[in-house]
Amino acid sequence: MSVRTVTFRNSGEELRVGKILCLGRNYRGHAREMDAEVPATPVVFLKPATALIRSGEDVVLPPISKELHYEAEMVVVIGKDGQNIAREKAMEFVGGYAVGLDMTLRDVQSEAKRKGLPWSIAKGFDTSAPLSSAVSSSNVPNPHVLSLSLAVNGVRRQHANTGEMIFRVEDIIAFCSSIFTLEKGDLIFTGTPEGVGAVRSGDRLVAELESVGSLTVQVR
Ligand code: MG
């Protein structure tokens, strides 16, 4: 059974995760490496809460795919319910931050893109959303100055600063809440920088976000 909750490290508070919104192409370097245009409005997709796993658990490649990619991302934890949230008020709705991995079946996604089909399978399969524990937003005065990195078997593969995000946290919350009601405990994966790549069975992934924490998972 999956966990479907996010836990705050300092207080021990545990929130039920309703939905997981994710941004695509939110760093220019990653858009470039995917041969994709930098979007004028956020590219948003969903993962089900059943995709969540915690640090220390395994990512399991489903038989439908032969190409599993990592994408390290800063994750926003929504702290209170809201709809049509103004950009100026958006940060009031942030409960905290975590670091996550948007695990992706790249071969399945590429075929879906080619055929104009949804990304649900490529992005939402069980174990596709490893998540660290969260820290309260009061511990992160500015989420746009944080070093974000990912290592595979001890070798650094991604390293960027959240200041490089195209859409900032307040833009993302304003946009997403104009479409989807945001609820306390919802998660927003804010996109990955360049350096994505494939992993295979036995690989150990460590994602780190400055001031927030780290996440370790293994590919089974
Ligand atoms: Mg991603």
Practice task
Search the stretch 23-36 for residues being touching an Asp or Glu at 6+ places or on another chain (Cβ under 6 Å) and crowded, with 18+ Cβ neighbours inside 10 Å, and hand back the single one that is modelled with the highest pLDDT.
Solution key: Tyr27
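For the stretch 132-212, list the strands (runs of 3 or more DSSP E) that sit wholly inside it and hold at least 3 residues that are of a type in the set (A, V, I, L, M); which are they?
147-152, 204-209
Could you please find all residues in the stretch 18-68 being hydroxyl-bearing (Ser, Thr, Tyr) and in a strand (DSSP E or B)? Steps first, answer last, please.
Just the residues of the stretch 18-68 that are hydroxyl-bearing (Ser, Thr, Tyr), to begin with: 27, 41, 50, 55, 65.
Residue satisfying the conditions is Tyr27 alone.
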Exercise for the section: Mind listing whichever residues of the stretch 1-44 are within 16 Å of the ligand (Cβ to nearest atom) and basic (Lys, Arg)? Expected result: Lys19, Arg25, Arg28, Arg32
Fill in the blank from the handout: Those residues of the stretch 42-54 that are open to solvent by 70 Å² or more (accessible area, probe 1.4 Å) and under 15 Å from Cys22 (Cβ atoms) come to a total of 1
Completion exercise
Selection over the stretch 8-30 where residues are among the hydrophobic types (A, V, I, L, M, F, W, C) and closer than 18 Å to His144 by Cβ yields a count of 1
Practice task
Given the conditions (1) of a type in the set (A, V, I, L, M, F, W, C); (2) more than 21 Å from Ser137 (Cβ to Cβ); (3) more than 17 Å from the chain's Cα centre (by Cα), report the number of the one that Ala174 does not fulfil.
Solution key: (2)
Practice task
With respect to Val77, determine if the residue is away from the ligand (no atom under 16 Å from the Cβ), surrounded by fewer than 22 Cβ atoms within 10 Å (Cβ to Cβ) and among the hydrophobic types (A, V, I, L, M, F, W, C).
Solution key: no
Completion exercise
Expected single match for free of Cβ contacts under 8 Å to residues at least 60 places away in the same chain and not acidic (Asp, Glu) among Gly116, Gly95, Gly79 is Gly116
Fill in the blank from the handout: With the first residue restricted to the stretch 62-75 and required to be within 18 Å of Arg168 (Cβ to Cβ), and the second required to be crowded, with 16+ Cβ neighbours inside 10 Å and of a type in the set (Asp, Glu), Cβ contacts under 7 Å at 6 or more apart or on different chains are Glu73/Asp102
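Kindly indicate whether Pro39 is within 14 Å of the chain's Cα centre (by Cα) and either open to solvent by 10 Å² or more (accessible area, probe 1.4 Å) or touching a residue at least 12 places away in the same chain (Cβ under 8 Å) (or both). Write out each step before concluding.
Working: within 14 Å of the chain's Cα centre (by Cα): no; either open to solvent by 10 Å² or more (accessible area, probe 1.4 Å) or touching a residue at least 12 places away in the same chain (Cβ under 8 Å) (or both): yes.
Here the answer is no, as Pro39 does not meet what is asked.
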Practice task
Search the stretch 161-220 for residues being within 16 Å of the ligand (Cβ to nearest atom) and of a type in the set (Gly, Ala, Ser), and hand back the single one that is nearest to Val38 (Cα to Cα).
Solution key: Gly191
Exercise for the section: Name every residue in the stretch 101-114 that is surrounded by 20 or more Cβ atoms within 10 Å (Cβ to Cβ) and more than 14 Å from Phe45 (Cβ to Cβ), in order of residue number. Expected result: Leu101
Problem - Residue among Glu57, Glu13 that is modelled with pLDDT of 95 or more, over 16 Å from the mean Cα position of the chain (by Cα), over 27 Å from Arg220 (Cα atoms) and open to solvent by 50 Å² or more (accessible area, probe 1.4 Å) - result: Glu13
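The values are calculated or read from the model by the stated rules, or taken from the named source; none is laboratory data. The model shown is predicted, which means the values in this text are computed figures rather than measured ones. Methodologically, a virtual Cβ is constructed for each residue, glycine included, from the backbone with ideal geometry; neighbour enumeration extends over all protein chains shown. These accessible areas exclude ligands, DNA and RNA; they are computed on the full protein's heavy atoms, side chains included. Shrake-Rupley method; radii C 1.70, N 1.55, O 1.52, S 1.80 Å.
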